[in-house]
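Take a look at the structure set out below.
Each reported figure results from applying straightforward, stated rules to the coordinates on display, with no laboratory input. Keep in mind that what you see is a predicted model, and the values were worked out from it rather than measured. Using ideal geometry, Cβ is built from the backbone for each residue, glycine included, and neighbour counts are taken over all protein chains shown.
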Amino acid sequence: MNQSVLIVGATGGVGSETARAFLTRGFHVRAVTRNPERARRDFPELAGVEWVAGDALRASDVVRAAAGVSVVVHAANPPGYRNWAGTVLPMLESSIAAAKSAGARLVLPGTVYNFGPDHPHVVDESAPQRPVTRKGKIRVAMEERLREVSADGVRVLIVRAGDFFGPRAGGNNWFSQGLVKPGRPLRSLVYPGRHDVSHAWAYLPDLARTIVRLVARDAELGAFEVFHFGGHAFEHGVEFARATRAAAGAPHAPIRRFPWFAIYLLSPFVETFREMLEMRYLWQSSLLLDNHKLVKFLGEEPHTPLSVALAETLAGLGCTPPPRNAARRAQSVGAEA
């Protein structure tokens, strides 16, 4: 494997964090984006990335950008849950064409959308997938398509994870769209789920390091591999909200219920709200990810202590001042990756 990777969706939360992790590992990182100048301006911390002009929906652009790489990371998602049906699968086809052309491993950061309301409390990689939502069915279709192409010579790696959070996670996630208000000190927070059901969260820097470590052992992976990333798991999901307010230095800040009724009333007029309602079941039933396969393969799962992960996330979102030891920790994380 040569040390080169193409990130499709590098301006998103998981894409930008994965780009950082590959840079730290010494890879040459290329990223396809519609506006390279804007990407260079908005992501100065990714100064080592080679930004290439292109559209993820145009296969020829992605194929051209992937020339010579050994890994294609497909991290492209439509913002705000909008137009999944019209964009998600076509974008995946572009990345498939690119990986096939370059002879590269195709990596997909997966989600728990695949699992319907009848999912078990803890799911492993072989758990049945019976989604009832549009996004869940699309996610299953994505993975089925990747299984098909893996039989045709495109090596595939899928790493499924829970809800994203992190200092550079962007706005397309529940933490910054639901729990807290970016740019404001935390005075209160909102928790979208039932307090007594379990929920899994994925700290993006840890997930990105996991992907890089798996890719570094590509020769030991099969043609189609799926791993579950355990992340930060809570038997009582509200404990994550309590840990968030403690990390913000506001341990007694009220935890308010999410305004699902208002979302319901506005959903006929706002596509994002309709999509949020469709996935509400994930906040009403317990779901954790079994990471035994990952731990057995890597020896451990990269895992930042929750208090540190939340402190860095809140600082990155402008809810608290930057942690005083942030620079030192960034150096140590880089050495680990």
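Label-point separation (nm) for residue 292 and residue 238, each offset 7 Å from Cα along Cα-to-Cβ?
The answer from the label model is 3.2 nm.
In terms of modelled amide H atoms, which long-range or inter-chain residues lie less than 5 Å from the amide H of residue 72?
Residues meeting the amide H criterion: 6, 105, 106, 107.
Could you give log10 I(q)/I(0) at q = 0.10, 0.24 Å⁻¹ for region 147-245, computed by the Debye formula over C-alpha point scatterers of equal weight, without solvent?
-0.38, -1.24
Please compute the Kirkwood hydrodynamic radius over region 20-89, one decimal place, Å, based on all pairs of different Cα atoms. Write out the running numbers ahead of the final one.
Working: mean 1/r = 0.0753 Å⁻¹.
Kirkwood radius, region 20-89: 13.3 Å.
Separation between the residue 261 and residue 85 pseudo-spin-labels, each 7 Å from Cα along Cα→Cβ, expressed in nm?
Placing both labels 7 Å along Cα→Cβ, they lie 3.0 nm apart.
Order the peptides 33-43, 198-208 from the highest to the lowest mean number of other Cβ atoms within 10 Å of their residues.
Ranking, from highest mean packing down: 198-208, 33-43.
What does the net charge come to around residue 61 if you take all other residues with beta carbon closer than 13 Å to its beta carbon, with K and R at +1 and D and E at -1? Walk me through the numbers before you get to the answer.
Values: positive: 30, 34, 58, 64; negative: 55, 93.
Local net charge: +2.
Taking the 0 to 90 degree range and rounding to the nearest ten, how far is the long axis of helix 204-215 tilted relative to the main principal axis of the chain, both from C-alpha atoms?
Taking the Cα atoms of the chain, the angle to 204-215 is about 30 degrees.
What Rg and what Dmax come out for the chain when only alpha-carbon atoms are used, in angstroms?
Radius of gyration, then largest Cα-Cα span, for the chain: 19.1, 56 Å.
Considering only DSSP beta bridges whose two residues both sit in the chain, what percent are antiparallel, to the nearest 5?
Approximately 10 percent, going by the DSSP bridge assignments.
D for region 1-156, whole µm²/s, Stokes-Einstein with Kirkwood Rh over alpha-carbon pairs at 25 °C and 0.890 mPa s: what number?
Details: Rh = 16.0 Å.
Estimated via Stokes-Einstein, D reaches 153 µm²/s.
Quick one: net charge of residue 44's neighbours, Cβ under 14 Å, K/R +1, D/E -1? Please report the intermediate quantities before stating the final value.
Details: positive: 20, 38, 40, 41, 168; negative: 37, 42, 45.
Here the charged neighbours net out to +2.
Which Rg and Dmax, in Å, describe the Cα atoms of region 79-225?
16.9, 54
If the cut-off is a Cα-Cα distance under 15 Å, which aspartates and glutamates reach residue 296, setting aside same-chain residues fewer than 8 apart in sequence?
Within reach: 124, 125, 220, 225.
Calculate how steeply helix 326-336 sits against the longest principal axis of the alpha-carbon atoms of the chain, using the helix alpha-carbon long axis, and give the answer as 0 to 90 degrees to the nearest 10.
The answer is roughly 40 degrees.
May I ask for the percentage of alpha-carbon pairs in region 189-238 that lie more than 12 Å from each other?
71
Report the relative contact order of the chain, percent, no decimals, based on alpha-carbon pairs under 8 angstrom and at least 6 residues apart.
Working: 680 pairs, mean separation 61.2, N = 337.
18 percent.
If packing is taken as the mean number of other Cβ atoms within 10 Å per residue, what is the order of 122-129, 22-29, highest first?
Values: 122-129: 14.9, 22-29: 19.2.
The packing order, highest mean first, is 22-29, 122-129.
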